[in-house]
Amino acid sequence: MKRQVKRDARIIELQPLEFSLLEYLLRNRERVVSKTMIMEHVWDYNFDPMTNVVEARICRLRDKIDKDFEPKLIHTVRGAGYILKI
Amino acid sequence: MRYKIFNTIAFRLTLWFTGIFAICSSVAFVSFYFLAAQTFQHQIDQELLDNTSKFSAIIHRNGLMGARELAVVEAQAAGEKMIFFRLLYPTGEVFASSHMSYWKDVHVSKQALERLIKNKNSIFETIRIPSTQQKARLLYSYVAADAILQTGIAMDSTSRFLSAFKKVFLGAMGFIIFFSAVSGWLLIRKALSGVQTITTTAQNITGSNLEARVAGTGNKDELDHLVITFNSMLDRIEELVKSIREMSDNIAHDLKSPIARIRGFAELALTHEENMEDYRIMASNTIEESDRLLDMINTMLVISRAEAGEGDFEFKKIDLSIMINEACNLFAPLAEDKNIKFSHTIEDQIFIFADIKMLQRAFSNLLDNAIKYTSKKGKVSVSAVKQKDQIIIKIFDTGIGIKPEYFEKIFERFYRIESSRTSPGTGLGLSLARTIVRQHQGDIFIQTQESRHQDKGTIFMVILPYRNLEVIESSF
């Protein structure tokens, strides 16, 4: 199965983990997803939400799909998690 | 605490002690008494027989008349109260005797005569003289073909001796019992005095005062052994109480800060007129703090349930290699952000029975720590190798290092080395990791990195038992 992400006709190279994160955010677009939800549903993990694993991954994803584009898609909801707005 | 004297060991032992003494001395007395009585009787019997042979000899030489004289003379010589002689025909008719006023109550026993006539053997008899109640020993014996001698000796000196002996003995017995009771009581009290010391010490020990120790005697006896055991038990209890106290201090401290912050946010919201956005921020801060608290409490529950053997672990066949690789991939960005060189070499296909979620938690905690405590431009590497019967996973970092005295401490719940208090974390991560690994029959060890001059560094080594699952499965 070939997976590809494009924005404004530009192909964006995503790592598998980043791809599945984006996919999850898209499936739940306009809804707030918590860090714990991401850990559980994207990576099938449950542990200490105090680590910055999710932040780091979101940060990378933003660099690739939001940095050079407007409007921004991924937004941080403090205390609650992240939301993807189109 | 005062206890009834009858319940004391000292009392019971004294009782035994006294009883045994009394029985032993009674046995000694009774045997001596009978031996003495027997010896006396034997002597008397011998004397009676000697007299009889004297009469036989006289009759043989001088006829019956000689015997008549001899009876009188012999009785006078020995004392007429002491001895008597009576000469009879086999019919029982008396034809001669010594002076009999003292012995007149003593008659000739028909039964004895009949038996003598029948068996021809001398017959001994012990009787009591009816008038004086004295004991006497009699002998019936043939002294000639047609003459029988009945002779008797008073046993009053013997009985006097024996009754005196009895009196002396009873006195001695009383003394022995008294002496053994007193000495037994003192000895046992002395021997058990150490127990009293231990009891007193134990009574003085309360929750707040665990420092008291029993002074050992140092003579390596059972009580000294008890004292040593007791003291080492106290050491362990003191240690435990101390660690429980420390832990509850830490819990209180760790619970206090987030709750104080939550309260602060709420107070701010009340006292300030803010716009919607500020309220939103306050609410989200509250959620973050609450999440932290909830996570802490959940982790605590997982640990204590697992330690109590009630953990909800689900063991399945998993590929540990994949799990570790995934965990490393997940944490790679964190290391990257800190410019840490992160590498991993994982042997392929390590199949084990494990609870994957739990092991993930354990490993993510270890990886998180390794990255957290390694400074920028440091190095973190993970390796996993399968050996014959164990799997060794090493998580190596060039971080701040851990002093050996903390190796055990850092696995305690809520324990955080002072230097790490500033970094985020609950102090539960390592405790949880070890609990999980131990539930898999493994363990976690720490090694400090030596020979590296620029960095101290730590190796966390996770050892899990390895069983060849292919072999196990095919054997079913």
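The values are calculated or read from the model by the stated rules, or taken from the named source; none is laboratory data. Here the structure is a predicted model, which means the values were calculated and not measured. Glycine also receives a Cβ, built like all others from the backbone with ideal geometry; neighbour counts cover every protein chain displayed. Just the protein is used for accessible areas: all its heavy atoms, side chains included, with ligands, DNA and RNA removed. Shrake-Rupley method; radii C 1.70, N 1.55, O 1.52, S 1.80 Å.
Inside segment B:265-290, can you point out the residues that are part of a helix (DSSP H, G or I) and open to solvent by less than 70 Å² (accessible area, probe 1.4 Å)?
Those that are part of a helix (DSSP H, G or I) and open to solvent by less than 70 Å² (accessible area, probe 1.4 Å): B:265, B:266, B:269, B:278, B:281, B:282, B:283, B:284, B:285, B:286, B:289, B:290.
In segment B:427-476, what count of residues is obtained for those that are open to solvent by 40 Å² or more (accessible area, probe 1.4 Å) and at pLDDT 75 or above?
Summing the residues that are open to solvent by 40 Å² or more (accessible area, probe 1.4 Å) and at pLDDT 75 or above in segment B:427-476 gives 7.
State whether the residues of segment A:21-32 include one that is open to solvent by less than 10 Å² (accessible area, probe 1.4 Å) and either in contact with a Pro (Cβ under 9 Å, 6 or more places away or on another chain) or within 14 Å of chain B (Cβ to nearest Cβ) (or both).
Yes: one or more hits.
Restricted to segment B:336-390, and to residues that are among the β-branched types (Val, Ile, Thr) and within 13 Å of chain A (Cβ to nearest Cβ), which residue is farthest from residue B:444 (Cα to Cα)?
Of all residues in segment B:336-390, those among the β-branched types (Val, Ile, Thr) come to B:340, B:345-346, B:350, B:352, B:356, B:371, B:374, B:380, B:382, B:385.
Applying the additional criterion that residues be within 13 Å of chain A (Cβ to nearest Cβ) yields B:340, B:356, B:371.
Working: B:340: 24, B:356: 17, B:371: 18 Å.
Applying the filter and picking the extreme gives B:340.
Pull up segment B:40-71, narrow it to residues that are open to solvent by 20 Å² or more (accessible area, probe 1.4 Å) and among the small types (Gly, Ala, Ser), then point me to the one that is modelled with the lowest pLDDT.
Among residues in segment B:40-71 that are open to solvent by 20 Å² or more (accessible area, probe 1.4 Å) and among the small types (Gly, Ala, Ser), the one modelled with the lowest pLDDT is B:63.
Here's a check for you: in segment B:283-301, which residue that is touching a residue at least 24 places away in the same chain (Cβ under 8 Å) and in contact with a Lys or Arg (Cβ under 8 Å, 6 or more places away or on another chain) is nearest to the other protein chains (Cβ to nearest Cβ)?
Of everything passing the filter in segment B:283-301, B:285 is nearest to the other protein chains (Cβ to nearest Cβ).
Please state which of the following conditions residue B:302 fails to meet, knowing it meets all the rest: (1) over 60 Å from the mean Cα position of the chain (by Cα); (2) open to solvent by less than 70 Å² (accessible area, probe 1.4 Å).
Tallying (1) over 60 Å from the mean Cα position of the chain (by Cα); (2) open to solvent by less than 70 Å² (accessible area, probe 1.4 Å), residue B:302 fails exactly one: (1).
Which of (1) out of contact with any helix residue (DSSP H, G or I) (no Cβ under 6 Å at 6 or more places or on another chain); (2) modelled with pLDDT of 85 or more; (3) part of a helix (DSSP H, G or I) does residue B:181 not meet, given it meets every other one?
If we test residue B:181 against (1) out of contact with any helix residue (DSSP H, G or I) (no Cβ under 6 Å at 6 or more places or on another chain); (2) modelled with pLDDT of 85 or more; (3) part of a helix (DSSP H, G or I), just (1) comes out false.
Residue B:348 fails exactly one of the following numbered conditions: (1) modelled with pLDDT of 85 or more; (2) within 26 Å of residue B:458 (Cβ to Cβ); (3) of a type in the set (D, E, K, R). What is the number of that condition?
Going through the list (1) modelled with pLDDT of 85 or more; (2) within 26 Å of residue B:458 (Cβ to Cβ); (3) of a type in the set (D, E, K, R), residue B:348 breaks only (2).
Testing residue A:3 on (1) within 13 Å of another protein chain (Cβ to nearest Cβ); (2) open to solvent by 70 Å² or more (accessible area, probe 1.4 Å), one condition comes back false. Which one is that?
(1)
Quick check, is residue B:342 modelled with pLDDT under 90, of a type outside the set (D, E, K, R) and not in a helix (DSSP H, G or I)?
no
With the structure loaded, tell me whether residue B:32 is part of a helix (DSSP H, G or I), in contact with a helix residue (DSSP H, G or I) (Cβ under 9 Å, 6 or more places away or on another chain) and open to solvent by 30 Å² or more (accessible area, probe 1.4 Å) or whether it fails that test.
yes
Scan (1) farther than 30 Å from residue B:22 by Cβ; (2) open to solvent by 50 Å² or more (accessible area, probe 1.4 Å) for the single condition residue B:205 breaks and write down its number.
It fails just one condition, (2).
Does residue A:18 satisfy being in a helix (DSSP H, G or I), open to solvent by less than 70 Å² (accessible area, probe 1.4 Å) and either in contact with a Gly (Cβ under 6 Å, 6 or more places away or on another chain) or more than 14 Å from chain B (Cβ to nearest Cβ) (or both)?
Considered against the rule, which asks whether it is in a helix (DSSP H, G or I), open to solvent by less than 70 Å² (accessible area, probe 1.4 Å) and either in contact with a Gly (Cβ under 6 Å, 6 or more places away or on another chain) or more than 14 Å from chain B (Cβ to nearest Cβ) (or both), residue A:18 comes out as no.
Which of the residues belonging to segment A:57-74 are assigned to a strand (DSSP E or B) and loosely packed, with under 13 Cβ neighbours inside 10 Å?
Correct list: empty.
So that you can scan it fast, the table gives a plain yes or no per residue for (1) of a type outside the set (Gly, Ala, Ser); (2) in the same structural domain as residue B:39 (by TED's automatic domain parsing):
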residue: B:135; (1), (2): yes, yes
residue: B:142; (1), (2): yes, yes
residue: B:151; (1), (2): yes, yes
residue: B:157; (1), (2): no, yes
residue: B:176; (1), (2): yes, no
residue: B:184; (1), (2): no, no
residue: B:188; (1), (2): yes, no
residue: B:196; (1), (2): yes, no
